[in-house]
Amino acid sequence: MPRLFSYKLTHDTGFAPNPFWGTLTLATCKPKIRLSKGKGDWIAGFTSQSLCGDPVGEERLVYLMEVADKISFSDYFNSPTYSNKIPNLSKSNCAAKAGDNIYRPIDSDDPYCDKFEQLENPYHGKSNMERDLSGRFILASKRFFYFGRGAISVPVNLRPDVPKGQSAHGSLTHDHTRAQKFIDYVISKYSVGVHGAPHSWPQGDKSWKMK
């Protein structure tokens, strides 16, 4: 049976998680989730009071991902597979600027390099580096459902365990049957991919729809 962990988002900008270019990645923020979760785990991100005013008990699903890959920061930056996730501030579209692949290894020839420089990006500054890098890994998913500001309500009988406040590790739904029913519900109703723009997204920019 799958392990399902839920947490609540305080920000949803398209940066963490980053659902663009056919892969949803969690590369910044939530360091303990990135450190302790692995392949086959499911992670569900829900709305919160601070994100959009949803009260405790009425949080809606922003995204659901099945972790398919857990990779180091060095491998993430050096892999051609994830080159689109490197932020490109010269582009006019927001999806290109929202890339979460912001940590370049100082020694690109050393696969175990643990020293990085932070690329310029619109979301995280130097003060975020220590916390971001403490997660050590990036979680990536091809099987994901991202709803953004179109976050969906989940029937009460299928709701996983959602923490009342912020949860560093995420709340595990111990009832494996309910966890599976929740996952099956999302899979049966929605196609894999991006279904809406992030909560904080410029009006008129449609780059969130790009495949």
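Provide, as a two-decimal number, the C-alpha radius of gyration of the stretch 20-131 over 2.2 N^0.38 Å, N being how many residues it has. Working shown, then result.
On the way: Rg = 15.4 Å, N = 112, 2.2 N^0.38 = 13.2 Å.
This ratio for the stretch 20-131 stands at 1.17.
Think of each Lys and Arg Cβ as +1 and each Asp and Glu Cβ as -1; about the Cα centre, that makes the dipole of the chain roughly 500 debye. Placing unit charges on the Cβ atoms of the charged side chains and taking the dipole of the stretch 14-124 about its Cα centre, the candidate lying farthest along the positive direction among A98, N84, F46 is F46.
For R159, the accessible surface of its heavy atoms amounts to roughly 40 Å² (probe 1.4 Å, protein chains only, rounded to the nearest 10).
Find the Cα radius of gyration of the stretch 91-211, compare it with 2.2 N^0.38 Å by division, and give the number to two decimals.
Details: Rg = 18.0 Å, N = 121, 2.2 N^0.38 = 13.6 Å.
Here the Cα radius of gyration is 1.32 times the empirical estimate.
Highest GNM mean-square fluctuation among S167, S188, S48, for the chain modelled with Cα contacts below 10 Å: S188. Between the helical axis of 176-189 and the longest alpha-carbon principal axis of the chain there is an angle of about 80 degrees. Exceedance of the 32 Å cut-off in Cα-Cα distance is limited, within the set K37/K181; K115/K206; K70/K189; K91/K189; K115/K164; K115/K181, to K115/K206; K91/K189; K115/K164; K115/K181. The calculated P(r) of the chain, using every Cα pair and 5 Å bins from 0, goes 1, 8, 16, 20, 21, 16, 10, 5, 2, 0, 0 in percent. Carbon-plus-sulfur accessible fraction, the chain (probe radius 1.4 Å, protein heavy atoms only): 50%. For I106, the accessible surface of its heavy atoms amounts to roughly 110 Å² (probe 1.4 Å, protein chains only, rounded to the nearest 10).
Compute the accessible area per residue over the chain, keeping the other protein chains in place, probe 1.4 Å, unit Å². Display every interim value, and only then the final one.
Numbers: 9910 Å² over 211 residues.
Ligands and nucleic acids excluded, the result is 47 Å² per residue.
Along the chain, the longest continuous region that contains none of the GluC sites (Glu not before Pro) in a DSSP loop with at most 13 other C-beta atoms within 10 Å is 121-211. Note on the chain: with a GNM built from Cα contacts shorter than 10 Å, the maximum mean-square fluctuation among Y103, Y146, Y185 falls on Y185.
The values are calculated or read from the model by the stated rules, or taken from the named source; none is laboratory data. Note that the coordinates shown come from a computational prediction; the quantities given were computed from them, not determined experimentally. Note that each Cβ is placed from the backbone with ideal geometry, even for glycine, and that neighbours are counted across all protein chains shown. We work out accessible area using only protein heavy atoms, side chains counted, and drop any ligands, DNA or RNA first. Shrake-Rupley method; radii C 1.70, N 1.55, O 1.52, S 1.80 Å.
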